[in-house]
Every structure is written in C-alpha cells, then in structure tokens.
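For reference, the structure is listed below as structure tokens.
The values are calculated or read from the model by the stated rules, or taken from the named source; none is laboratory data. Owing to the predicted nature of the structure, the values given are computational and were not obtained by experimental measurement. Positions of Cβ are generated from backbone atoms using ideal geometry, with glycine treated the same way; all protein chains shown enter the neighbour counts.
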Amino acid sequence: MSRIVFVHGIAQETVGPESLLAEWYPALCDGLVLAGGEKPARDEVAMAFYGDLFRQAGHRGIGSPELDASDVEDGIERELLLQWWEYAARLDPRVSGPGDRTRARTPHPVQRALEALSHSAFFAGVGERLMIGAARQVRRYFTEPQTRAAVRERFERALGDRTEVVVAHSLGSVVAYEALCARPDRPDVTLVTLGSPLGVRNLVFDRLLPPPHAGRARWPAPVRRWVNIADRGDLVALAKELGPLFGDRVRDVPIHNGAKAHDVRPYLTARESGEAIGAALAGRSS
C-alpha cells in the first residue's frame, strides 16, 4: 500500500490514474526536493481516481455536446458561476463585475457571468462548455447520492494502513474530508489540501457530510495534521482559510502559482507543499 495518496479534482473524466500520476509524481518530487526532503519511490504513491464516474455516455454527435447558459441549472451550478464571476471581477481589472452593465450584451446573469469569466486570467482559453461542466460536476457530487458514494469508495479503496499523507486537490479535498470523517477508526494521516473549495459557504461547506453544526465543521478523526494551501487567485478556493470553519488545528498557507492559479502542478512544486508533505513522511510537525 502507498505512503502517499493523491485525490484529484474536477475535469479528469477522460484520463486515468496512471496518466495523472505521470504528471503529479514529478511535481511532487520537485516540491519535496526544493524543501530539502527526499523523493518517495514511485510505487509509494497512488492516485485515488474517480474521473471516469463523470464521463458521459456515447452519443451520435462528434465530440462532447455543447453547453450554454440555458443549460445551467438553478442552485449549485448557477450560484457557483456567479460567485466565480464576483471574485474574478475583484481580482482582475479585465473582468467586468456584476454591477457593471457597460459591457453587458444580455441581462441574463448567467450569460453575463460566462462572458465575463471568459476574459479572466483564470479561465483564459476555456470555453463555456468547460466552465459549465466544472460547476456541473460539483453539483452532481452533492446532489447524486450514488455518485457521491461511488467517488468516496474509490478514495477509500486507495487508502491503506501504510498511508501517511493524503494530498487532495480541488473537489478531491471534499472527497477526502468526507471519507476520513466516516472512518474514525483508521490509522492517522496528514491531510494536505490544495486549492480547496471546502470553505465555500452554502454551496460546499453547508452541504458536507457530516453536516456542520453552529457554523463549524467536524474535525476528521484520523487527521493528525492538516495543512491547507491556497493561491489568492484561485477561484475554486474562494475561501482561502479553512481554520475559522474547521478549527485552529488547520494551518492555512498562502502561495503564488503564477498564471495557473488552480493547476495542481504549481501547487505541488511549491516549497510550502514540499515542506508539509516532507514533514509528514519524516514523522515531524510541519
């Protein structure tokens, strides 16, 4: 069984665990070496892969079906896109905000959000279909119990008694958190979350299992140490600090990933990530 278990985020439905590890493992090693640590053997690292659970069934057309604003469902999908828009407008002067109608081509708020986000550095080169698809995977995880259970089962299957560190990116941090809360009897691990949406109120935080109580979430019992790492420009990690919601045992660490704020590779190559993971492998506090 692996000492390190990765958990990926959204938009990985057409790849697989080995192809993801081919990208993640070298970045992990770079971060560990930069922090003065040692590289783990390749067979000590595993990917908890669930992307295929979101892969669409075949159809008669070519490519994936196009999505536009009319396909966005009310609730999680709509509100997530609007929150991304609002935050992007605060960070990026090229993005017109919800209160700026000078560039609006339509009064439809979702269409305005998609148009504005297309001008942001975060979603540069990403079409409407991919933006909507990202919000849709979050919605499906929280509203389809069978999908949620299947995703968590994939993560639980990857864990072993030798697992020392869980490195969870994006939606994967939600998967890891919920699964670890449900397994209070398993051996202790260090949890490192990268670009996590766990602190997004109403859309993510308030939908977690187990449900938060009085504005605070339960601490996952197997987690002896939790380091949360977030880039200020990461739209997915709208709430950069998890300590206020999950407890002061969370160590919140800001980093800068450059142009690719949510990309897992600059997260993993960062010295801060290497220090957190390396300390866990060495059995010391980070």
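I'm trying to understand the selection: among the residues of the stretch 136-159, which are crowded, with 16+ Cβ neighbours inside 10 Å and either of a type in the set (Ser, Thr, Tyr) or closer than 19 Å to Gly97 by Cα (or both)? Once the filter is applied, which keeps residues that are crowded, with 16+ Cβ neighbours inside 10 Å and either of a type in the set (Ser, Thr, Tyr) or closer than 19 Å to Gly97 by Cα (or both), the stretch 136-159 yields Tyr141, Thr147.
With respect to being aromatic (Phe, Trp, Tyr) and under 28 Å from His256 (Cα atoms), Phe123 fits the description.
Identification of helices (runs of 4 or more DSSP H) wholly contained in the stretch 177-286 with 2 or more residues that are surrounded by 24 or more Cβ atoms within 10 Å (Cβ to Cβ) and at pLDDT 95 or above yields 264-269, 271-282. Within the stretch 129-147, the set of residues being under 15 Å from Pro197 (Cβ atoms) and of a type in the set (Lys, Arg) comprises Arg136, Arg139, Arg140. For the stretch 168-181, the criterion of being more than 30 Å from Pro222 (Cβ to Cβ) and acidic (Asp, Glu) is met by none of the residues.
Scanning the stretch 11-54 for residues that are among the hydrophobic types (A, V, I, L, M, F, W, C), closer than 30 Å to Arg136 by Cβ and assigned to a loop (DSSP other than H, G, I, E, B) yields a count of 3.
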